[in-house]
Amino acid sequence: MRQKRAKAYRKLMAMYELSFGFRQPYQVLVDSGMCITAQDHKIDLVKQLETVLQGKIKPMITQCCIVELYKMGKERQPAVDLAKMFERRKCNHREAIEGSECLKHVTGDTNKHRYVIATQAQELRSQLRAIQAVPLVHIKMSVMVIEPPSEETLRIKER
């Protein structure tokens with residue numbers, strides 16, 4: 001990782017720790033799209049997340065996201081195997097719903113469990129920006145990126 005980006009990410013995670021109570025190991029909620037993209041780009045997802053967040057992580061995935069991966073068929077089996085290594089986060093949905101809706105539901109209105117969300121879904125990322133203290137990670141051209149803090153996060157931090 002480039003030195004300038006590493007310094008910016010270190011400052012960003014320090015801000016989340018001091019202002020919002022994040023602590024290591026960071027709980028990273030991964031969606032099915034992130035698993036697929038990591039497999040397509042041959043990225044070691046856990047190692048890259050630890051590098052980008054600059055600390056220990058606890059990767060988690062919801063049951064709805066795993067069901068979504070299974071529905072994609074046999075060609076996505078490596079992504080399913082990757083997802084099975086992660087800790088399961090109970091989402092309490094009787095019937096599996098879409099992965100992005102599930103992540104939004106698990107995060108809630110305040111992200112009280114201090115999740116870092118790793119997703120490729122642009123729509124989900126834009127919805128989660130409205131919630132305070134939600135670090136968002138995605139892969140852009142085979143490079144993992146942490147998004148800058150949202151306006152809501154900066155507004156709450158200034159208090």
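Just a few scattered comments:
- Number of positions in segment 139-158 that are among the hydrophobic types (A, V, I, L, M, F, W, C), outside any helix (DSSP H, G or I), surrounded by fewer than 16 Cβ atoms within 10 Å (Cβ to Cβ) and on the phi < 0 side of the Ramachandran plot: 2
- Residue in segment 79-100 that is farther than 20 Å from residue 15 by Cβ, of a type in the set (D, E, K, R) and in contact with a Lys or Arg (Cβ under 8 Å, 6 or more places away or on another chain) present: yes
- Flag if residue 32 is closer than 22 Å to residue 122 by Cβ and hydroxyl-bearing (Ser, Thr, Tyr): yes
- Of all residues making up segment 80-96, the number that are free of Cβ contacts under 8 Å to residues at least 60 places away in the same chain, open to solvent by less than 70 Å² (accessible area, probe 1.4 Å) and under 22 Å from residue 107 (Cβ atoms): 6
- Residue match in segment 79-88 (condition: more than 12 Å from the chain's Cα centre (by Cα) and in a strand (DSSP E or B)): yes
- Exclusive hit being charged (D, E, K, R) and at pLDDT below 90, set 147, 87, 95: 95
- Residue satisfying all of: in segment 102-132; open to solvent by 80 Å² or more (accessible area, probe 1.4 Å) and part of a helix (DSSP H, G or I); nearest to residue 35 (Cα to Cα) among these: 122
- Residue 139 touching a residue at least 60 places away in the same chain (Cβ under 8 Å) and of a type in the set (A, V, I, L, M): yes
The values are calculated or read from the model by the stated rules, or taken from the named source; none is laboratory data. Worth saying up front: this structure is predicted, and the values here are computed from it rather than measured. Note: ideal-geometry Cβ built from the backbone for every residue, glycine included; neighbour counts use all protein chains shown. Side chains are part of the model used for accessible areas, which takes the heavy atoms of the whole protein and leaves out ligands, DNA and RNA. Shrake-Rupley method; radii C 1.70, N 1.55, O 1.52, S 1.80 Å.
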